[in-house]
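Accompanying notes for the structure given below.
The values are calculated or read from the model by the stated rules, or taken from the named source; none is laboratory data. A quick note: this is a predicted structure, and the numbers were derived from the prediction, not measured. Glycine also receives a Cβ, built like all others from the backbone with ideal geometry; neighbour counts cover every protein chain displayed.
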Amino acid sequence: MTRKTVNFNSAGASKLPVGKPVVYKIQTEAGKTNYVGIAKRGRAQERIQEHLDAGKIPGAKVQIEQMASIHKAQKKEQAIISRTKPKYNEQGK
């Protein structure tokens, strides 16, 4: 599926595709993953903006990967969280 990396700001969020569910990673400038999440079809831009508005997760960029279904996105999210254990994800989720 399609992958894209944008800056973690409102301008970057507006460039994200909205046609399919996505798995997203909020990353530091060095590429360390601080948070992993999913967004349903049509909500990628809105979901990233919610994180920006809350201001609780630091980051420099957002990397997304479009998935064929929300179920596949959930499975991928769990695999990434298990492997990378991001600081801002609730552990044991």
Next item on the list: Could you please find all residues in segment 48-59 being surrounded by fewer than 19 Cβ atoms within 10 Å (Cβ to Cβ) and within 17 Å of Ser14 (Cβ to Cβ)?
Entry: Gln49, Glu50, Leu52, Asp53
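So that you can scan it fast, the table gives a plain yes or no per residue for (1) modelled with pLDDT of 95 or more; (2) among the hydroxyl-bearing types (Ser, Thr, Tyr); (3) touching a His at 6+ places or on another chain (Cβ under 8 Å); (4) over 17 Å from Thr2 (Cβ atoms):
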{"residue": "Gly31", "(1), (2), (3), (4)": "no, no, no, yes"}
{"residue": "Tyr35", "(1), (2), (3), (4)": "yes, yes, yes, yes"}
{"residue": "Glu46", "(1), (2), (3), (4)": "yes, no, no, yes"}
{"residue": "Leu52", "(1), (2), (3), (4)": "yes, no, no, yes"}
{"residue": "Ala73", "(1), (2), (3), (4)": "yes, no, no, no"}
Checklist line | Residues that are at pLDDT 95 or above and either within 13 Å of Ala60 (Cβ to Cβ) or over 13 Å from the mean Cα position of the chain (by Cα) (or both), drawn from segment 1-19 | finding: Thr5, Val6, Asn7, Phe8, Asn9, Ser10, Ala11, Gly12, Ser14, Lys15
Next item on the list: Give segment 9-19 a look and list any residue that's closer than 20 Å to Lys76 by Cβ and either basic (Lys, Arg) or crowded, with 20+ Cβ neighbours inside 10 Å (or both), or say none.
Entry: Leu16
Notebook entry, point to check: When the residues of segment 54-71 are filtered to those that are under 20 Å from Asn7 (Cα atoms) and in contact (Cβ under 8 Å) with a residue 60 or more places away in the chain, which remaining residue is farthest from the chain's Cα centre (by Cα)?
Noted result: Gln66
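Suppose we keep only residues that are surrounded by 22 or more Cβ atoms within 10 Å (Cβ to Cβ) and under 16 Å from Val6 (Cβ atoms) within segment 20-29. Which one would you say is nearest to the chain's Cα centre (by Cα)? Don't jump to the end; show me each part of the working.
First, the residues of segment 20-29 that are surrounded by 22 or more Cβ atoms within 10 Å (Cβ to Cβ): 21-26.
From the residues that got through so far, the ones that are under 16 Å from Val6 (Cβ atoms) too are 22-26.
Details: Val22: 7, Val23: 5, Tyr24: 2, Lys25: 4, Ile26: 6 Å.
Per the stated criteria, the residue is Tyr24.
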Notebook entry, point to check: Quick one: would you say Lys4 is closer than 13 Å to Glu65 by Cβ, in contact (Cβ under 8 Å) with a residue 60 or more places away in the chain and buried (at least 16 other Cβ atoms within 10 Å of the Cβ)?
Noted result: yes
